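> One structure follows; several queries about it will come next.
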Amino acid sequence: MTHRKQSAAVSSSFLPALSADRVIAVIRAPEIPDAAALCAALAEGGIRWVEFTFTTPDLTTHLQRAAAHNESHIGAGTVMTGVQAQAAIEAGATYLVTPGCRPEVAEAAVRAGIPVVMGALTPTEVAHALDLHAAAVKIFPAHSLGPRYFEDLAGPYPGVPLVASGGVNSANAAQFLAAGAQAVCAGSEVVPASAIAAADWSTITERAKRFMEALSLTDPLP
């Protein structure tokens, strides 16, 4: 199977699932007492996609523990190198996320047959991410250019799955989706590091519920 055909095969199952759930919780915390419990708390609140980032120490251990919660889609984020990509895949990550265009990460993902969401900002970077067989392109930081930018990108890139990340919150998430984003990333508003460190799972569940409710309550773009 060629790289391009393999990428298309991966995307065919990944994208419908992602667009159905619409939200990825991005975990940036110096400590995670129980990754599986964290995933369970988010799932109870309606968020089943969880991205554990390499900014957290001992990430692979947390990925292994999170994999025990089989109702969630477990991914690794802030993946910068092929070595990190391979380690995350071996630890159980089912998708990878990068902050920018990272050829080594893309190669590792293609070899393993798992999707990579490649970070980009400019139209040129979006094209580069597609050339690297990204299953979706993460526009980061999304808040810098706002929801309208997603409509602008749809002109030269119709049908390209885009994910909004960076500065997305309950007040603007629905607008990014209305502007064409396949999904949005929820950060500290839903998963603050302090609540994670305290194992305050009920608070995280409530925050996830409020974020998901906001997707249907927030006014779309005028």
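> Which residue out of Ser13, Ser7 is among the hydroxyl-bearing types (Ser, Thr, Tyr), modelled with pLDDT under 95, open to solvent by 40 Å² or more (accessible area, probe 1.4 Å) and under 16 Å from Leu96 (Cβ atoms)? Walk me through it before giving the result.
Details: Ser7 fails: open to solvent by 40 Å² or more (accessible area, probe 1.4 Å).
Just one listed residue meets the conditions, Ser13.
> For the range 146-165, give me each residue that is under 15 Å from Ala136 (Cβ atoms), part of a loop (DSSP other than H, G, I, E, B) and either within 14 Å of the chain's Cα centre (by Cα) or in contact (Cβ under 8 Å) with a residue 60 or more places away in the chain (or both).
Start the filter on the range 146-165 by keeping residues that are under 15 Å from Ala136 (Cβ atoms), which leaves 150, 153-154, 157-165.
Pick out the ones that are also part of a loop (DSSP other than H, G, I, E, B) and you get 157-161, 165.
Passing the criteria: Pro161, Ser165.
> Shifting gears a bit: Which one is farthest from Pro156 (Cα to Cα), of the residues in the range 102-112 that are open to solvent by 30 Å² or more (accessible area, probe 1.4 Å) and in contact (Cβ under 8 Å) with a residue 12 or more places away in the chain?
First, the residues of the range 102-112 that are open to solvent by 30 Å² or more (accessible area, probe 1.4 Å): 102-104, 107, 111-112.
If we keep only those that are in contact (Cβ under 8 Å) with a residue 12 or more places away in the chain too, we end up with 102-104, 107, 112.
Working: Arg102: 22, Pro103: 23, Glu104: 26, Glu107: 25, Ala112: 30 Å.
So, considering only residues that are open to solvent by 30 Å² or more (accessible area, probe 1.4 Å) and in contact (Cβ under 8 Å) with a residue 12 or more places away in the chain, the one farthest from Pro156 (Cα to Cα) is Ala112.
> Restricting to the range 47-76, name every residue that is open to solvent by 40 Å² or more (accessible area, probe 1.4 Å), at pLDDT 95 or above and assigned to a loop (DSSP other than H, G, I, E, B). Reasoning before the result, please.
Just the residues of the range 47-76 that are open to solvent by 40 Å² or more (accessible area, probe 1.4 Å), to begin with: 48, 54-55, 57-58, 60, 64-65, 67-68, 70-71, 73.
Now narrow it down to the ones that are at pLDDT 95 or above: 48, 54-55, 57-58, 60, 64-65, 73.
Residues satisfying the conditions are Arg48, Phe54, Thr55, Pro57, Asp58.
> Contact list please: Cβ distance under 7 Å, first residue in the range 113-141 and on the phi > 0 side of the Ramachandran plot and in contact (Cβ under 8 Å) with a residue 12 or more places away in the chain, second residue open to solvent by 10 Å² or more (accessible area, probe 1.4 Å) and not basic (Lys, Arg), pairs at least six apart or on different chains.
Gly113/Gln6; Gly113/Val10; His133/His3; His133/Ser7; His133/Val110
> Let me ask something else. Check Thr81 against each of (1) of a type in the set (Ser, Thr, Tyr); (2) under 18 Å from Asp21 (Cα atoms); (3) open to solvent by 30 Å² or more (accessible area, probe 1.4 Å) and name the one condition it does not meet.
All conditions are met except number (2).
> Restricting attention to the range 166-192, and to residues there that are of a type in the set (Gly, Ala, Ser) and more than 21 Å from Pro16 (Cβ to Cβ), which single residue is farthest from the chain's Cα centre (by Cα)? Quick ask: steps written out before the conclusion?
To start, the set of residues in the range 166-192 that are of a type in the set (Gly, Ala, Ser) comprises 166-167, 170-171, 173-174, 178-181, 183, 186-188.
Subset that is more than 21 Å from Pro16 (Cβ to Cβ): 166-167, 170-171, 187-188.
Numbers: Gly166: 11, Gly167: 14, Ser170: 16, Ala171: 19, Gly187: 10, Ser188: 14 Å.
So, considering only residues that are of a type in the set (Gly, Ala, Ser) and more than 21 Å from Pro16 (Cβ to Cβ), the one farthest from the chain's Cα centre (by Cα) is Ala171.
> Of the numbered conditions (1) of a type outside the set (S, T, N, Q); (2) modelled with pLDDT of 95 or more; (3) open to solvent by 20 Å² or more (accessible area, probe 1.4 Å); (4) more than 29 Å from Ala29 (Cα to Cα), Pro220 satisfies every one except a single condition; which is it?
Every condition holds for Pro220 apart from (2).
> Now for a different question. Which is small (Gly, Ala, Ser), part of a strand (DSSP E or B) and in contact with a helix residue (DSSP H, G or I) (Cβ under 8 Å, 6 or more places away or on another chain), of Ala40, Ala25?
Working: Ala40 fails: part of a strand (DSSP E or B).
The unique qualifying residue is Ala25.
> Mind listing whichever residues of the range 118-145 are assigned to a loop (DSSP other than H, G, I, E, B) and either hydroxyl-bearing (Ser, Thr, Tyr) or open to solvent by 60 Å² or more (accessible area, probe 1.4 Å) (or both)?
Filtering the range 118-145 for residues assigned to a loop (DSSP other than H, G, I, E, B) gives 121-122, 132-135, 140-141, 145.
Answer for the range 118-145, where residues must be assigned to a loop (DSSP other than H, G, I, E, B) and either hydroxyl-bearing (Ser, Thr, Tyr) or open to solvent by 60 Å² or more (accessible area, probe 1.4 Å) (or both): Thr122, Phe140, Leu145.
> Being touching a Phe, Trp or Tyr at 6+ places or on another chain (Cβ under 8 Å), more than 18 Å from Met118 (Cα to Cα) and open to solvent by 20 Å² or more (accessible area, probe 1.4 Å) is the filter here, so list the residues in the range 170-195 that pass it.
Ser170, Glu189
The values are calculated or read from the model by the stated rules, or taken from the named source; none is laboratory data. Predicted, not measured: the structure shown is a model, and the values here were computed from it. Reconstructed Cβ throughout: ideal geometry from the backbone, glycine too, with neighbour counts over all protein chains shown. Ligands, DNA and RNA are stripped out before the accessible areas are found, and what is left, the full protein with its side chains, is counted by its heavy atoms. Shrake-Rupley method; radii C 1.70, N 1.55, O 1.52, S 1.80 Å.
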